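**Student:** After the C-alpha cells below, expect a handful of questions from me.
Rule-based calculations on the coordinates, nothing more; no lab input. Treat the numbers as computed from the prediction; the structure is a model and nothing was measured. Virtual Cβ from ideal backbone geometry, glycine too; neighbours counted across all protein chains shown.
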Amino acid sequence: MVKTVSERAPRIEVKFTDDHRRVEHALAELEGAWNRCDSAHARRLLLQFGRDVRQHMRAEDDILFATFEAKTGLVGAGPTAALRREHVQIAQRLEDLRADLRVAPEESEFAKHLISLRALLADHWSREEKVVFPSCDQLFEDYQKVAAIRAIERSKPPR
C-alpha cells in the first residue's frame, strides 16, 4: 500500500535536496577560490566542504538509507547499495583534492579532480532526488522522516 504524503508531514525530498544545493554552493565557492589562484582560501574551503559532504553522506548512510532498506528489504541491493558505493567514490575524490593541494600548483590535478567530483555529485544527487527521496517520503512514517531530517540538519555547519 502506497501512502500519500501529508501536507503537514516533514518532506525528506525538500530537506535533503535543499542540503544538496547548500553543498553545491560550497563547491562553487571552492572552485572560485581555486580559479582565483587563492590556494590558502581553497584549502580552508576544501576542509569545510569535505566535512560537510562527509556529514551529509553519513546522515544518508546511517539514517536515510538504513531506514529505506529496512522498509523495502533491499539491504545490499537496489538504489541505496549503488549510492553507498558512490559515497566511497566521492570520499576518494575528496582525498584526491586534498592531495592536490599538497603539491605545487603546476603539478596539481586539482582542476581535473574538481570537475570529476562535480560530475559525480550531479549524477549521484540526481538519482537521490528523483528516486530515493520521493520514495522515502512515500514509505517512511512521520517519526522516521523527522529522524532523517534531524540527521541532515545536524550535518550542517553552525552559522
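**Student:** Condition (residue is over 26 Å from residue 32 (Cα atoms) and of a type outside the set (S, T, N, Q)) applied to region 115-127: is it met by at least one residue?
**Tutor:** Taking every residue of region 115-127 in turn, at least one turns out to be over 26 Å from residue 32 (Cα atoms) and of a type outside the set (S, T, N, Q).
**Student:** Determine which member of the set 75, 103, 88, 132 is surrounded by 15 or more Cβ atoms within 10 Å (Cβ to Cβ) and β-branched (Val, Ile, Thr).
**Tutor:** The unique qualifying residue is 132.
**Student:** Have a look at 13, 60 and point out the one that is touching a Pro at 6+ places or on another chain (Cβ under 7 Å) and under 15 Å from residue 137 (Cβ atoms).
**Tutor:** That would be 13, the only listed residue that is touching a Pro at 6+ places or on another chain (Cβ under 7 Å) and under 15 Å from residue 137 (Cβ atoms).
**Student:** I would also like to ask the following. Are any residues in region 36-46 in contact (Cβ under 8 Å) with a residue 40 or more places away in the chain and loosely packed, with under 13 Cβ neighbours inside 10 Å, and if so, which ones?
**Tutor:** 37
**Student:** Which one of these does residue 144 not meet: (1) outside any helix (DSSP H, G or I); (2) in contact (Cβ under 8 Å) with a residue 24 or more places away in the chain?
**Tutor:** Of (1) outside any helix (DSSP H, G or I); (2) in contact (Cβ under 8 Å) with a residue 24 or more places away in the chain, only one is false for residue 144: (1).
**Student:** Hey, among 59, 119, which residue is in a helix (DSSP H, G or I) and free of Cβ contacts under 8 Å to residues at least 24 places away in the same chain?
**Tutor:** Only one candidate qualifies: 119.
**Student:** Mind checking which pairs have a first residue in region 23-35 that is assigned to a helix (DSSP H, G or I) and a second that is of a type in the set (D, E, K, R), Cβ under 8 Å, 6 or more apart or different chains?
**Tutor:** 23/52; 26/52; 27/118; 31/118
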